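Scroll down for the structure; my scribbles are underneath it.
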Amino acid sequence: MGDFDDLLSANADYAADFQLKGFDGVARAGVAIVTCMDSRIDPLGMLGLKPGDAKIFRNPGGRVTVAAMEALVLGAHLLNVQRILVIPHTRCAMASNSESELRARIGESSGQDASWLPLSVVDDQVRALTEDVAKVRSHPLIPDTVAVGGFMYDVDSGRLDQKV
Ligand SMILES: [Zn+2]
């Protein structure tokens with residue numbers, strides 16, 4: 001019995017009816033999304049998209065990090081990305097806890113010192129979103145023809161609200 005048996009079994013069913021065979025991996029709908037890792041978020045479903053339509057980069061908080069920027073530049077130049085959505089969300093753990101609170105909880109859970117762990121907590125989500133969108137728009141390798149928007153996702157209603 002392996003730790004992943006149930007998932008591998010599900011994968012066998014998935015592969016038996018595999019729909020994305022031969023697909024070249026561009027963003028078919030020209031969309032890239034940066035959003036949080038939160039399991040309440042279905043990035044494709046919330047936008048009426050399907051697998052193959054979008055490049056999706058997720059991290060705690062849905063922040064435009066160096067790695068996210070790398071993904072967006074690749075997307076814009078090599079993968080057909082023409083619109084970029086940055087989508088943090090309501091009730092995000094990264095915005096409702098301080099760095100020290102999160103470190104204390106991880107320290108309790110692990111029984112180890114977690115005070116050294118880098119955590120990108122957010123004080124003001126709309127301000128952080130505004131800065132993140134500006135960072136993408138002003139990046140020298142993101143073409144001016146690419147539209148960039150910042151949106152707050154409400155995990156209780158499923159609605160997106162454009163902020164930037
Ligand atoms: Zn979150």
Rg/Rh over Cα atoms for segment 23-162, Kirkwood Rh, comes to 1.00
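Could you compute the longest span of the chain free of chymotrypsin sites (Phe, Trp or Tyr not before Pro) located in DSSP loops and having at most 11 other Cβ atoms within 10 Å, not counting the site residues?
Numbers: sites that count: Phe4, Phe18, Phe23, Trp116.
Of all site-free stretches, the longest is 24-115.
What is the ratio of the Cα radius of gyration of segment 1-48 to 2.2 N^0.38 Å, with N the residue count, to two decimals? Display every interim value, and only then the final one.
Numbers: Rg = 14.7 Å, N = 48, 2.2 N^0.38 = 9.6 Å.
That ratio works out to 1.54.
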I'd like the distance between the alpha-carbon centres of segment 18-46 and segment 68-147, rounded to an integer number of Å.
18 Å
If amide hydrogens are placed 1.01 Å from N in the peptide plane, which non-local residues have theirs closer than 5 Å to the one on Ile56?
Ile33
Which helices, taking whole DSSP H runs in the chain, have alpha carbons extending 15 angstrom or more along the helix axis plus mean Kyte-Doolittle at least 0.5?
66-78
Could you name the aspartates and glutamates in cross-link range of Lys163, using Cα to Cα under 15 Å and dropping any fewer than eight places away on the same chain?
Asp124, Glu131, Asp132, Asp154
So what J values fall out for segment 44-58 if you push phi through Karplus, 6.51 cos²θ - 1.76 cosθ + 1.60 with θ = phi - 60°, rounded to Hz, Gly and Pro as x?
6, x, 5, 10, x, 9, 10, x, x, 7, 9, 8, 10, 10, 10
Using the Karplus curve 6.51 cos²θ - 1.76 cosθ + 1.60 with θ = phi - 60°, what ³J(HN,Hα) values do you get for each residue of segment 86-96, in whole Hz, with x for Gly and Pro?
9, 9, x, 9, 5, 6, 6, 4, 6, 10, 10
Helix-only mean residue ellipticity at 222 nm, the chain, DSSP H runs n ≥ 4 weighted -39,500 (n - 2.57), per residue, nearest 500. What is it?
-10000 deg cm²/dmol
Aspartates and glutamates whose Cα lies under 14 Å from that of Lys135, excluding same-chain neighbours fewer than 8 positions away:
Glu70, Asp144
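Need one number: % antiparallel among DSSP beta bridges in segment 23-162, to the nearest 5.
15 percent
Values quoted throughout were computed directly from the atomic coordinates according to the rules given, and no laboratory measurement underlies them. Only a predicted model underlies this, so the values are computations on that prediction, with no experimental measurement involved. A quick note on method: Cβ atoms are made from the backbone with ideal geometry, for glycine too, and the neighbour counts reach across all protein chains shown.
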